[in-house]
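Here's the structure, in structure tokens; my notes come after.
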Amino acid sequence: MPERPTGPPAAGQTRRRGAALEDAILGAAADELAESGYAGLTMDKVAARAGTNKNALYRRWPNRLALAVAAYRRLATTIQPPDTGSLRGDVLEWLRQANRYWSSPQGAILRELLAAAGGTAELLAQLQEQSGDAAAAPWLTILGRAIARGEASPEALHPRVATVAMTLLRNEFVVRGAPTAPDEVLVEIVDEVYLPLVRGRGLPPA
């Protein structure tokens, strides 16, 4: 059952408005996520931590999942794709970085949120974009460098092709429920799936 809004703020609670209040709520929710995960996050705890009441939360987010997704974006950091000098090296290192992230406490929060948002397309898209699953830009950067070095054809520069390695890694966590992916799995994804797919793009049909 969704949590219901409560009445007016208790005496002594800070009355902030607009961006200042929203910032305080998101900060409190991010702290709760970091400490307790999604399972331990409640609207009551966030409201108390932010010094406001649940009405202020529900006016901005319809439920705790929407709030948790917005707060998670506070925790996530942007990492630049590696530049090792080779396509294989770049893809393997990028997967290793992603594997370390997905295996971390912050990655555990992301897995909780992805599972909870499974039936909510809009929230799921936000999480995937934030986690790099649906963000093709860094992968297209890696492929663009490979094309410039002559390691791949321009026909390989396609978002679905670019992100297939990350999708396969995500499945190890989300579908298989693995706490981490062994390095040999990452090597297999690169050598048996990703590189043959990229190198096959642009070849004449058999």
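The values are calculated or read from the model by the stated rules, or taken from the named source; none is laboratory data. If you're wondering where the values come from, they're calculated on a predicted model, not measured in any experiment. Glycine also receives a Cβ, built like all others from the backbone with ideal geometry; neighbour counts cover every protein chain displayed. Side chains included, ligands, DNA and RNA excluded: accessible areas come from the protein's heavy atoms. Shrake-Rupley method; radii C 1.70, N 1.55, O 1.52, S 1.80 Å.
Taken as a whole, the range 45-58 holds no residue that is open to solvent by 50 Å² or more (accessible area, probe 1.4 Å) and in contact (Cβ under 8 Å) with a residue 24 or more places away in the chain. Within the range 159-176, can you find the residues that are touching a Lys or Arg at 6+ places or on another chain (Cβ under 7 Å) and at pLDDT 90 or above? Scanning the range 159-176 gives a single hit, VAL161.
List the residue pairs whose Cβ atoms are under 7 Å apart, where the first residue sits in the range 74-93 and is under 12 Å from ALA146 (Cα atoms), the second is exposed (fewer than 14 other Cβ atoms within 10 Å of the Cβ), and the two are 6 or more positions apart or on different chains. Within 7 Å, the pairs are ASP90/ASP83.
Listed by first and then second residue, the pairs linking a residue in the range 110-122 that is of a type in the set (Val, Ile, Thr) to a residue that is outside any loop (DSSP other than H, G, I, E, B), with Cβ atoms under 8 Å apart and 6 or more places separating them unless they lie on different chains, are THR120/LEU65. Candidates are the residues of the range 126-141 that are among the hydrophobic types (A, V, I, L, M, F, W, C) and open to solvent by 50 Å² or more (accessible area, probe 1.4 Å); the one that is modelled with the lowest pLDDT is ALA134. In the range 153-196, which residue that is of a type in the set (A, V, I, L, M) and either open to solvent by 70 Å² or more (accessible area, probe 1.4 Å) or closer than 21 Å to LEU113 by Cα (or both) is farthest from the chain's Cα centre (by Cα)? Residue satisfying both the conditions and the ranking: LEU157.
If the condition is being without any contact (Cβ under 8 Å) to a residue 40 or more places away in the chain and loosely packed, with under 13 Cβ neighbours inside 10 Å, then the range 34-44 contributes GLU35, GLY40.
Those helices (runs of 4 or more DSSP H) of the range 134-206 in which 1 or more residues are over 19 Å from SER103 (Cα atoms) and not small (Gly, Ala, Ser) occupy 137-148, 159-174, 195-200. Just one of the numbered conditions (1) modelled with pLDDT of 90 or more; (2) not in a helix (DSSP H, G or I) is not true of ARG4: (1).
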